[in-house]
1. Among 151-164, 123-136, 317-330, how do they line up from the highest to the lowest mean number of other beta-carbon atoms within 10 Å?
2. Relative contact order for segment 80-306: what percent, with Cα pairs under 8 Å and sequence separation of 6 or more?
3. Let me know the shape class of segment 200-308, please: from the alpha-carbon gyration tensor, a ≥ b ≥ c as square roots of the eigenvalues, rounded when a/c is under 1.5, otherwise prolate if a/b is greater than b/c, or oblate.
4. How far, in nm, would the chain grow between residue 351 and residue 324 when pulled straight, counting 0.36 nm per residue and subtracting the alpha carbon separation?
5. Rounded, prolate or oblate for segment 80-306? Axes are the square roots of the Cα gyration tensor eigenvalues, ordered a ≥ b ≥ c, and the cut-off for rounded is a/c under 1.5.
6. Distance between the C-alpha centers of segment 144-202 and segment 276-348? Whole Å please.
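Please treat every number below as a calculation from the coordinates, not as lab data. Treat the numbers as computed from the prediction; the structure is a model and nothing was measured. Note: ideal-geometry Cβ built from the backbone for every residue, glycine included; neighbour counts use all protein chains shown.
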Ligand SMILES: [Zn+2]
């Protein structure tokens, strides 16, 4: 798959890496490889022709077996496909499968917004390799620098690719609670990523935000001919959720404030999540990108299934607490009428009920 290619590419000599970044034109490649072959002065014309021929042969041998397939794979691969969901807004839809060495932790939706002067990245993916693939996808569209990387929240499928962008020295933007959560969870996240991906986790590491936003505030950044509003939310999916709106196309990047098909995940506050969803519904937007799942359904009706799911958990958990049902029993009783509606239900549902129960028992 593509990411296998990616790993091979990153281990190739520098001149092939150059081809894999923006300098994809053959002229720069010829220069790189041509200069690698010495051409001693004072040789005869035959020698000159020989060296020129050898240089061209080296160029052909070096480029054709690798670069052309790589470029084709980059352009055509389903494994790291990007879609322009609104003008200048490109999304890569992550996989529902558990993270593994085969998928490099490519589980969350990630993407970027291209302005006249620079690019904003929304989430960097679940590993350094995914971040690299995203960066290459950006380079297939524009040579503008990445000036912002927005980390939607603390979950590792959304941020472990950030190191792939550091060479461009972007501002890295997170919620004010993100640094604290990374400090609390980061070591565990690094260990479990290494456990699940093995060598495929290479290069993945925690990168702290360089700029943070307080809950309830917004910040507008200019990408050149295009302003983008970043909003920090009160506790909902996590206590450090950010969303982004590209104001010129009314495109809302939700992170995990919206799940489509993939079981919604509750890692903070169920009443808060429902309140945030109510606010989100009132936004007049034309396009949206969920944190998981596709953007095919109309807005805001696409939020209905997630809202029904959390409302059911809320109602049934409150009832269970009133009936003195213990948590260990409640997790096996609450919300199961929703099981057939969601992918990965068995993996996440009990944890959601646990989070809701421990919040609601103090009401
Ligand atoms: Zn999440």
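1. By packing density, highest mean first, the sequence is 123-136, 151-164, 317-330.
2. Working: 546 pairs, mean separation 40.4, N = 227.
In percent, rounded to a whole number, it is 18.
3. Judged from the Cα gyration tensor, segment 200-308 comes out rounded (a/c under 1.5).
4. Details: separation 27, 0.36 × 27 = 9.72 nm, distance 1.92 nm.
So the chain would gain 7.8 nm between residue 351 and residue 324.
5. Verdict is rounded for segment 80-306.
6. 26 Å
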